[in-house]
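One structure is given below, encoded as structure tokens.
The values are calculated or read from the model by the stated rules, or taken from the named source; none is laboratory data. Keep in mind it's a predicted model, so treat the numbers as computed, not measured. No Cβ is skipped: glycine too gets one built from the backbone with ideal geometry, and neighbour counts run over all protein chains shown. Remember, those area values only see protein heavy atoms, side chains included, never the ligands or the DNA or RNA. Shrake-Rupley method; radii C 1.70, N 1.55, O 1.52, S 1.80 Å.
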Amino acid sequence: VLGVATSPRRGATDVLVQAALLGARSAGADTKFITLAGQTIAGCDGCDRCLDVGHCVITDGMAPIYPAMLDADVIVVGTPVYFGAPSALCKAMMERVEGFGIDEKALRFKIGGALAVAASDHGGQESAMAALHLWFQINEMIPIGITTPGAGWGVGGRSVEAEDILNETVKATATGRSILVTEAAWLYGAKLVTHATIVRAGIAATGLDLPNRPYGADLPAAFPDDISQLRLESTHPALTPGWSTPVTTAHESQE
Ligand SMILES: Cc1cc2nc3c(=O)[nH]c(=O)nc-3n(C[C@H](O)[C@H](O)[C@H](O)COP(=O)(O)O)c2cc1C
């Protein structure tokens, strides 16, 4: 399990990511923690060289992150909320996997976990975590939300002073019991490992060959003819009639 904290300072986000990694360790996983604090990571400059060579050609603080991502079955990313969105460092990291994630599909089937810390209630934790979920999805990763202690995209924390994160509590919706937000992150980290274990076993069980392929190479040489038989307001002959019968509305049946 790789945990990346994407705050430019060693504060609350660092703590929340580490809490998730402790949970992952409790579930038997090996963990690696990377903080981007003090690192310089440029945003993508759109040169598209990565689409030829399979990796980004900019050399900076991203260098150690690529192999760590490649090694991981789970990538849990924590971001501070900056104006309702992930930090610029976080966004830079997200952009810089273009060749790696999209062309090489190196992140495919990895489990994605999201953590976010803002100063305010409703300060943008959800929108920041949603941005991470989109990044996971576009990389064909498997984004995982949370149902305990409450339901959400991941674990969102609140911290005005960095140390606030150590004392913040969250009430479990089912029992009303209050636990620390770091404990919620711990539960989430353990849960991400369960998902990764299932996915890893599933991949092994199918025995599917999953080669990395160049961008767009998964298109079939030709699509089956029946696609061209689709017609407006009729049911394709290959589809089960009972299932695909057009619905008659109550209004229409009265007429
Ligand atoms: C540039 C900037 C923008 C911020 N934007 C928001 C915001 O939109 N909503 C919010 O609640 N907090 C906002 N904050 C507060 C941070 O999210 C909060 O301090 C968080 O704990 C930072 O995490 P860290 O301790 O890991 O750096 C902002 C802070 C900075 C520096």
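State whether one or more residues within the range 112-119 are open to solvent by 20 Å² or more (accessible area, probe 1.4 Å) and either more than 8 Å from the ligand (Cβ to nearest atom) or within 9 Å of the chain's Cα centre (by Cα) (or both). No, because not a single residue in the range 112-119 is open to solvent by 20 Å² or more (accessible area, probe 1.4 Å) and either more than 8 Å from the ligand (Cβ to nearest atom) or within 9 Å of the chain's Cα centre (by Cα) (or both).
Looking only at residues of the range 1-34 that are polar (S, T, N, Q) and closer than 18 Å to residue 118 by Cα, we find that the one that is farthest from the ligand (Cβ to nearest atom) is 18.
Being more than 16 Å from the ligand (Cβ to nearest atom), touching a Phe, Trp or Tyr at 6+ places or on another chain (Cβ under 6 Å) and open to solvent by 10 Å² or more (accessible area, probe 1.4 Å): is that true of residue 70 here? In short, no. Among residues of the range 134-147 that are without any contact (Cβ under 8 Å) to a residue 24 or more places away in the chain, those with a Cβ under 9 angstrom from a residue that is of a type in the set (Lys, Arg) and open to solvent by 40 Å² or more (accessible area, probe 1.4 Å), sequence gap 6+ or separate chain, pair up as 147/191. Checked against the criteria, residue 116 does not count as touching a residue at least 40 places away in the same chain (Cβ under 8 Å) and part of a helix (DSSP H, G or I).
Taking the range 73-87 as the range and being open to solvent by 10 Å² or more (accessible area, probe 1.4 Å) and part of a loop (DSSP other than H, G, I, E, B) as the test, the residues that pass are 73, 83, 84.
With the structure loaded, tell me whether residue 170 is surrounded by fewer than 13 Cβ atoms within 10 Å (Cβ to Cβ), of a type in the set (A, V, I, L, M), within 16 Å of the ligand (Cβ to nearest atom) and more than 16 Å from residue 113 (Cα to Cα) or whether it fails that test. So that I can check it myself, show each step before the final result.
Values: surrounded by fewer than 13 Cβ atoms within 10 Å (Cβ to Cβ): no; of a type in the set (A, V, I, L, M): yes; within 16 Å of the ligand (Cβ to nearest atom): yes; more than 16 Å from residue 113 (Cα to Cα): yes.
Taking the combined requirement at face value, the residue does not satisfy it.
Under the condition of being more than 18 Å from residue 1 (Cα to Cα), under 10 Å from the mean Cα position of the chain (by Cα) and within 16 Å of the ligand (Cβ to nearest atom), the residues counted in the range 130-163 number 3.
For the range 88-109, a tally of residues being surrounded by 22 or more Cβ atoms within 10 Å (Cβ to Cβ) and under 30 Å from residue 121 (Cα atoms) returns 5.
What about residue 38, is it open to solvent by 20 Å² or more (accessible area, probe 1.4 Å), part of a loop (DSSP other than H, G, I, E, B), within 16 Å of the ligand (Cβ to nearest atom) and out of contact with any helix residue (DSSP H, G or I) (no Cβ under 7 Å at 6 or more places or on another chain)? Judged against the criteria, residue 38 is a match. Residues in the range 120-133 that are touching a residue at least 40 places away in the same chain (Cβ under 8 Å), part of a helix (DSSP H, G or I) and open to solvent by 20 Å² or more (accessible area, probe 1.4 Å): 125, 127, 131. Only a single criterion out of (1) out of contact with any helix residue (DSSP H, G or I) (no Cβ under 7 Å at 6 or more places or on another chain); (2) more than 16 Å from the ligand (Cβ to nearest atom); (3) open to solvent by less than 40 Å² (accessible area, probe 1.4 Å) is not satisfied by residue 63, namely (3). Screening residue 17 with (1) part of a helix (DSSP H, G or I); (2) more than 19 Å from residue 85 (Cα to Cα) gives one miss only, at (2).
Only a single item in (1) at pLDDT below 95; (2) not in a loop (DSSP other than H, G, I, E, B) is not met by residue 94, and it is number (1).
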